[in-house]
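> Just dropping this structure here.
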């Protein structure tokens, strides 16, 4: 057969350019699923997954976690808080518990809420970032329905997220011996993201804090205005309050934990929390029973891979096992068919 | 062989048409040629048709061919369409002679509306073929001695009739595979995208809270996942073109729109749903049950959760595309890995600045915090591996237990000496490496040497020569670069 000749024409040639791209002749590699490649990949993945799974399970098991649900224990306080007119009445509740083992290392204290939907759409929108950045303390436009009070003064900090700030006070005390109870020293610093505390949240600039917030009023559910949240530590006051910032980082699910305090490893607690009798003294302010929610306190140690949950380790182990199972079955089928493939009747089928 | 029925519609007279058909292989010498010619009246025509139908029914073994002329055809189409189509359906080749141009179009229309609804392609080179070309689904005009009328009115114009085989078997096949995969992949990746959003509604009281940040919502289909599939649909060649041209039976693998059938659609959709469930619930069990994913005890929020799901999703759909691609050029590598890298770079950039004009600062530093958690990395790796592992196992078992002809051809190709890096120009085994590298360089620079060694395929693969092919294909020379 003669070769295809490019006949010269009178008008300019409309042939497409003879480049690699236009003639679809780019140099390329053809990927084929070959038996050795896939099987070795599967075996390697299986080994990796099983190994990681074991490591993660071991590290999760080495951490300790204790959760104490105090909604039912403090039922009387809960009932008191159901009526909003009792807001100025204090209610404290003491929850004793026993630690069987020493919690070694850094211990973190969290409060955990059940049934509180911080991920509701309207709730999430109801905040004012420019106010929290300190640029304009009176900018409350995006904060409906908690933007202005009855007489029209803007609320600082405005919005539903800020208004629902968790205001229980939880104090952990340790029974050193039968007569002495000491309060376990806790740190309230270092519980927020560094960027949250030092970049994203700023107080409006002024000589003193209360004049910075002049012309604004406190959110309706708060007992004190924002510049009185922590009068002892000016670095923890105003919008820079650690508990406030932690609360403003909205949680993804209706059951969530938020970091409350860290153990200060001094005095008796250099190693961690020694085994013994403890009690939580809770100043119960946050009402949860009206929406069938619950509250707990969680104490936990952490490892590099997180806390006590076995999910990741188990998932890795299961995946590793299944990968190996699949690899073995693929190998079995492949070897069985390989014997068959060299029979003569296969070739004509095409 | 390719599953294509060929009808010849010509204005020539009966004897010429039949002899041409016999000589070009349209009619075999062993075929039984039925005739519906020189009918004078309606009832005659009907009687003849019934006779032909009886003959076809009696004799199943032999293949039948039918010759119809223009006047008989118009009689048959007036009253006895169904009968005529019944006869035609059982003939493997039909020759219509003495056809007027409008009759050609009528015949095509008749075939188009027949119960199987076949796809029709009409090839013609003269002005009398224009109506036929326009009527068929695909019209091809040949630019030639009879002027440009046919070419001007066609969907595709070719210079020589022989190019039709390459047009159909190589380019047509490639385009079909590309478009079918494009459609299926687009639905798949959007199912992966939206299902976690839907699942999240169960956890936020159905308040329409989005899982991902709005910038991610906008850019998913535009920036993060668009280029790999675009490159696939421009460049993919799942089999070497020579193989396609020399094995017309491979064309049967895509007949009847097989790659867009319910079965394939269900596979891709169920795959999308299962991947989405793995992304969402994997991240859910990781973040919801555990105390903290950061070693310092600090907590993640809802935007971090959404970003975790999104990250896993972008990586998985891109690697899925990589698994589907058979033909890896440098462009494929660039866009596949580049898309993932771009996603990371963009997220770091987007979350690294407090944007002054945006009222919401939800994503500030979220991505970086996510990446600084070891557990999150392990979870990402695990979810990507889990999603794709199932798919790979399914593919391997399909290939081992029920290989399609296409897959067998791909396998045969690797076993013979088609080397890597050489897409269209094959070389025989004796060539040195230097020559092949030199040719590759030439091609990259942009110039293909016209005098290239062509290779006959038949050496390694004796396909059945005693098959009753409708369109005989000689073993074609591979085209030059």
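FYI, it's all coordinate maths here, none of it is from the lab. This is a predicted model, so every value here is computed, not measured. When we count neighbours, we look across all protein chains shown, and the Cβ atoms used for this are built from the backbone with ideal geometry, even at glycine.
> If you average 1/r over every pair of different alpha-carbon atoms in the protein assembly as shown and take one over that average, what Kirkwood value in Å do you get?
The answer is 33.1 Å.
> Kirkwood Rh over alpha-carbon pairs of the range A:119-218, then Stokes-Einstein at 37 °C and 0.692 mPa s: what D in µm² s⁻¹, rounded to an integer?
Calculated translational D: 205 µm²/s.
> Could you work out, residue by residue across A:244-256, how many beta carbons of other chains sit within 10 Å of that residue's beta carbon, and then give the average as an integer?
Rounded to a whole number, the mean comes out at 5.
> Given a Förster distance of 51 angstrom, what is the FRET efficiency for residue B:344 paired with residue B:15, based on the Cβ-Cβ distance and rounded to 0.05?
Using R0 = 51 Å, I get an efficiency of 0.10.
> With a point put 7 Å past each Cα toward its Cβ, work out how far residue B:117 is from residue A:304 in nm, to one decimal.
About 6.1 nm, to one decimal.
> Would you mind pulling out the separation of the Cα centroids of the range B:335-388 and the range B:15-33, in Å?
If you average the Cα positions of each part, the centres end up 68 Å apart.
> If you don't mind, there's one more thing I want to ask. Which log10 I(q)/I(0) values does the range B:7-118 give at q = 0.14, 0.24 Å⁻¹ under the Debye formula, counting every alpha carbon as one identical point scatterer?
-0.52, -1.55
> From zero up to wherever the largest Cα-Cα distance of the range B:167-402 sits, split into 5 Å bins and tell me the percent of pairs in each.
Result returned by the calculation: 1, 6, 12, 16, 18, 15, 11, 8, 6, 4, 2, 1, 0, 0.
> Further question: Can you give the angle from 0 to 90° between the axis of helix B:330-351 and the longest principal axis of chain B, with both taken from C-alpha atoms, to the nearest 10?
Helix B:330-351 and the main axis of chain B meet at about 30 degrees.
> So what's the angle, to the nearest 10 degrees on a 0 to 90 scale, between helix A:311-341 and the longest Cα principal axis of chain A?
Long axis of A:311-341 versus the principal axis of chain A: about 10 degrees.
> Same structure again: Give the calculated FRET efficiency between residue B:263 and residue A:210 to the nearest 0.05, with a Förster radius of 56 Å applied to their Cβ-Cβ distance.
Efficiency, from the Cβ-Cβ distance: 0.20.
> Taking neighbour counts of Cβ atoms within 10 Å as a proxy for exposure, in what order, fewest first, do B:178, A:261, B:78, B:152 appear?
Starting with the residue having the fewest Cβ neighbours, the order is B:78, B:152, B:178, A:261.
> Moving on. Take every DSSP beta bridge whose two residues both sit in the protein assembly as shown, then give the antiparallel share in percent to the nearest 5.
65 percent
> Determine the calculated [θ] at 222 nm for the protein assembly as shown from helices alone, applying -39500 (n - 2.57) to every DSSP H run no shorter than 4 residues and normalising by the residue count; nearest 500 deg cm²/dmol.
-13000 deg cm²/dmol
> Label-point separation (nm) for residue A:136 and residue B:57, each offset 7 Å from Cα along Cα-to-Cβ?
Output for this residue pair reads 8.8 nm.
> Shifting gears a bit: For the range A:19-90, restrict the atom set to alpha-carbon positions and state the Rg and Dmax in Å.
When restricted to the Cα atoms of the range A:19-90, Rg and Dmax are 31.1, 84 Å.
> Next question. Peptide A:119-125: average number of partner chain Cβ atoms within 10 Å per residue?
6
> Springs between alpha-carbon atoms under 10 Å, Gaussian network over chain A: tell me which of A:78, A:332, A:315 tops the mean-square fluctuations.
Answer for the Gaussian network model of chain A: A:332.
> Another question, if that's okay. Can you sort B:299, B:383 so the residue with the fewest Cβ neighbours within 10 Å comes first?
B:299, B:383
> Testing the spin-label approximation: label points 7 Å from Cα along Cα→Cβ at residue A:228 and residue B:219. State their distance in nm.
4.6 nm
> Compute the long axis of helix B:374-401 from its Cα atoms, compare it with the longest principal axis of the Cα atoms of chain B, and write down the angle in degrees, 0 to 90, nearest 10.
The answer is roughly 20 degrees.
> Binning at 20 Å from 0, report for chain A what percent of all alpha-carbon pair distances ends up in each bin.
Each 20 Å bin holds this share of Cα pairs: 21, 38, 20, 15, 6, 0.
> Extension gain residue A:101-residue A:333, at 0.36 nm per residue separation less the Cα-Cα distance, in nm?
Extra length available between residue A:101 and residue A:333 comes to 78.3 nm.
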